[in-house]
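S.K.: Starting off with a structure, shown below.
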Amino acid sequence: MTYYIIQDLPRYCFDSAAKEIILGAEPIFFDSYEDYVQEIMDYTLSKFSLIHSEIKAQFGESLNDYVTSEQIRKMDEEGKFSKLKGETLSILSYSSSIIKGFLIDFLESVGQIQLVGN
């Protein structure tokens, strides 16, 4: 088994795009709490092989050792993370929508919020 160890992940990896994706995500609703959990698990697991392949393509076997923040910064500047970042933002967007839907459903069910028009 290969373990990926990334030390001192630099701040630039968490750019404003992630914040905008989370804040702009529209809630998605499901029929039950179990459906929320199942959907987010299925979706994120469906992306695992793509993310794993992209990480392996960029780092190869070097991830058996520590990867420094300088190495990551340089690779990011060279554009080597564009596909990985795109997929990560896609996962973040869909997951944020599911979580927002879940929170709205839950808070409404316990009487903490009342949606207009309901």
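The values are calculated or read from the model by the stated rules, or taken from the named source; none is laboratory data. Since we're looking at a predicted model, the values are computed, not measured. We place every Cβ from the backbone using ideal geometry, glycine too, and count neighbours over all the protein chains shown. Side chains included, ligands, DNA and RNA excluded: accessible areas come from the protein's heavy atoms. Shrake-Rupley method; radii C 1.70, N 1.55, O 1.52, S 1.80 Å.
S.K.: Pairs only if they're at least six apart or on different chains, beta carbon under 9 angstrom, first in the stretch 96-114 and touching a residue at least 12 places away in the same chain (Cβ under 8 Å), second charged (D, E, K, R) and assigned to a helix (DSSP H, G or I); list them, first residue then second.
M.R.: Once the first residue is touching a residue at least 12 places away in the same chain (Cβ under 8 Å) and sits in the stretch 96-114, its partners that are charged (D, E, K, R) and assigned to a helix (DSSP H, G or I) give Ile98/Glu39.
S.K.: Return the residue satisfying two criteria in turn: it lies in the stretch 62-78 and is under 22 Å from the mean Cα position of the chain (by Cα) and open to solvent by less than 70 Å² (accessible area, probe 1.4 Å), and of such residues it is nearest to Ala18 (Cα to Cα).
M.R.: The qualifying residue nearest to Ala18 (Cα to Cα) is Asp76.
S.K.: Between residues in the stretch 64-79 that are over 15 Å from Glu54 (Cβ atoms) and residues that are in a helix (DSSP H, G or I) and open to solvent by less than 100 Å² (accessible area, probe 1.4 Å), which pairs lie under 8 Å by C-beta distance while being six or more apart or on different chains?
M.R.: The qualifying pairs are Arg73/Tyr12.
S.K.: Could you list, in sequence order, all residues of the stretch 37-53 that are open to solvent by 90 Å² or more (accessible area, probe 1.4 Å) and within 20 Å of Gly86 (Cβ to Cβ)?
M.R.: Residues of the stretch 37-53 that are open to solvent by 90 Å² or more (accessible area, probe 1.4 Å), as a first pass: 38, 41, 45, 48.
Hits for the stretch 37-53 are Leu45, Phe48.
S.K.: For the stretch 41-55, does any single residue satisfy the condition of being aliphatic (A, V, I, L, M), at pLDDT 80 or above, within 15 Å of Ile98 (Cα to Cα) and in contact with a Ser or Thr (Cβ under 7 Å, 6 or more places away or on another chain)?
M.R.: No, the conditions are met nowhere in the stretch 41-55.
S.K.: Continuing with the same structure: Out of Phe102, Phe59, Phe81, report the one residue that is surrounded by 10 or more Cβ atoms within 10 Å (Cβ to Cβ), of a type in the set (Phe, Trp, Tyr) and modelled with pLDDT of 90 or more. It would help to see each step written out before you state the result.
M.R.: Details: Phe59 fails: modelled with pLDDT of 90 or more; Phe81 fails: modelled with pLDDT of 90 or more.
From the options Phe102, Phe59, Phe81, the qualifying one is Phe102.
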